[in-house]
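For reference, the structure discussed in these notes is given below.
The values are calculated or read from the model by the stated rules, or taken from the named source; none is laboratory data. Being a predicted model, the structure only gives us computed values, none of them experimental. All Cβ positions, even for glycine, are placed from backbone atoms using ideal geometry, and neighbour counts span all protein chains on display. Ligands, DNA and RNA are stripped out before the accessible areas are found, and what is left, the full protein with its side chains, is counted by its heavy atoms. Shrake-Rupley method; radii C 1.70, N 1.55, O 1.52, S 1.80 Å.
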Amino acid sequence: MQGLSRPELRSRDVGGHQPRTVAGIETPHSLDEVRALVRHAMTARRRLYPISTGRNWGMGSATPVTDDNVVVDLGGMNRIRGLDLEAGFAVVEPGVTQRQLAAVLRDTPWMLNVTASCADTSVIGNALDRGDGCVRSRVHDVAGLEAVLADGSVVTTGGLDPAGRYHGRVAGPDLTQTFVQHNLGIVTAMAVSLVPRPETIGLVHGRIPRDQVGVALGAVTDFLRRGNPADGLLRVRELSLVPDHGDWMLPAGVDPSLFTILGPLMGSDATVELAEELLRKALIEVEGAEALRVVDAAEVGPDDPLYPGRSWRRASPPAAACTTRSA
């Protein structure tokens, strides 16, 4: 099978992690090919390291965590096997990206729980690594799985049948979460729980002094514990370094002495309005929080720092190429 060269594999690691020796690279394009290479690896006693699109950037990218693994590049398994627009589920393979699935869902009543990462990251890879979407943790999107075990046999979980059809939650034990951050097998398909498309998305953005971050985190946590009437995952975070032409740098105009509160409030007009009121009340004791903005995503202009967040309005991931953003 043709696949990535070893130098190309190393060049995709933007995190500066320890280099690893790679025993080989395989690029299966079907379930049967994955089963065959797993059986061969078991006989030859070779270790396998599966990747989806290999863009877990800043955390090792496509580089294995130990030496002498055979990298199994699943990027060529990129079919959307099924789409249920009545129940709100999609069945996808590991090579299906945010960009690909979001495009298929455009103009439907459903949206993907997109992340702030680049458009060409894998939906399955991110979910199995507990990535965060704009609505909830991606692990909560995992409804069922198809996986190849170490002996080459296939298991399906959570109502996903051997034919790749998703039937919803079923009675009896469910092994789905066993395969999250696991080494039990190679996941070859996943049933993804979609999100109802909201009437309104309000983008929250505020900058607070560094010495207020503890108070702000407690206030946001209290707001969420008491019951945020809207959907959306709020964050209190400091700025991350981003790669630019091979070097790490702060974004232009950034003040590193400030932390950021950001995220969407999603729901009906009335729900978003109520959520904003409750959030402001929760932050009343936080110095600097009076400048917090909640802006309708549809009204954000291209010169606004919140402009990339407009992608949540379309439930589309950021359009920037993966070579210029950390994922």
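A few comments on the model shown:
- If you check Ala270, Ala189 for being at pLDDT 95 or above, of a type outside the set (Val, Ile, Thr) and touching a Gly at 6+ places or on another chain (Cβ under 7 Å), only one passes: Ala189.
- Residue check, Asn78 open to solvent by 50 Å² or more (accessible area, probe 1.4 Å), on the phi < 0 side of the Ramachandran plot, modelled with pLDDT under 80 and not in a strand (DSSP E or B): no
- Within segment 121-128, not a single residue is under 16 Å from Pro28 (Cβ atoms), part of a strand (DSSP E or B) and more than 16 Å from the chain's Cα centre (by Cα).
- Extreme residue, surrounded by the fewest Cβ atoms within 10 Å (Cβ to Cβ), among residues of segment 135-158 that are closer than 18 Å to Trp110 by Cβ and of a type outside the set (A, V, I, L, M): His140
- Residues that are in a loop (DSSP other than H, G, I, E, B), of a type outside the set (D, E, K, R) and touching a helix residue (DSSP H, G or I) at 6+ places or on another chain (Cβ under 9 Å) within segment 165-199 comprise Val180, Gln181, His182, Leu184, Leu194, Pro198, listed in sequence order.
- Residue match in segment 51-68 (condition: modelled with pLDDT under 95, assigned to a strand (DSSP E or B) and under 20 Å from Thr188 (Cα atoms)): yes
- Residue identified as closer than 29 Å to Asp129 by Cβ, at pLDDT below 90, open to solvent by 30 Å² or more (accessible area, probe 1.4 Å) and touching a Lys or Arg at 6+ places or on another chain (Cβ under 9 Å) among Ala321, Ala297, Ala327: Ala327
- Filtered by the rule that a residue be out of contact with any Ser or Thr (no Cβ under 6 Å at 6 or more places or on another chain) and open to solvent by 80 Å² or more (accessible area, probe 1.4 Å), segment 166-181 gives His167, Arg169, Val170, Ala171, Pro173, Gln177, Gln181.
- For Ile186: the one exception among (1) farther than 18 Å from Arg35 by Cα; (2) in contact with a Pro (Cβ under 9 Å, 6 or more places away or on another chain); (3) surrounded by 15 or more Cβ atoms within 10 Å (Cβ to Cβ): (1)
- Residue in segment 84-106 that is part of a strand (DSSP E or B), over 22 Å from Gly159 (Cα atoms), open to solvent by less than 30 Å² (accessible area, probe 1.4 Å) and of a type in the set (Val, Ile, Thr) present: yes
- Residues located in segment 182-217, provided they are under 15 Å from Pro94 (Cβ atoms) and not hydrophobic (A, V, I, L, M, F, W, C): His182, Gly185, Thr188
- Test: residue in segment 109-131 that is aliphatic (A, V, I, L, M), in contact with a Ser or Thr (Cβ under 6 Å, 6 or more places away or on another chain), farther than 18 Å from Leu233 by Cβ and in contact (Cβ under 8 Å) with a residue 24 or more places away in the chain: yes
- Residue among Val204, Val220 that alone is of a type in the set (Val, Ile, Thr), closer than 30 Å to Gly267 by Cβ, out of contact with any His (no Cβ under 6 Å at 6 or more places or on another chain) and not in a strand (DSSP E or B): Val220
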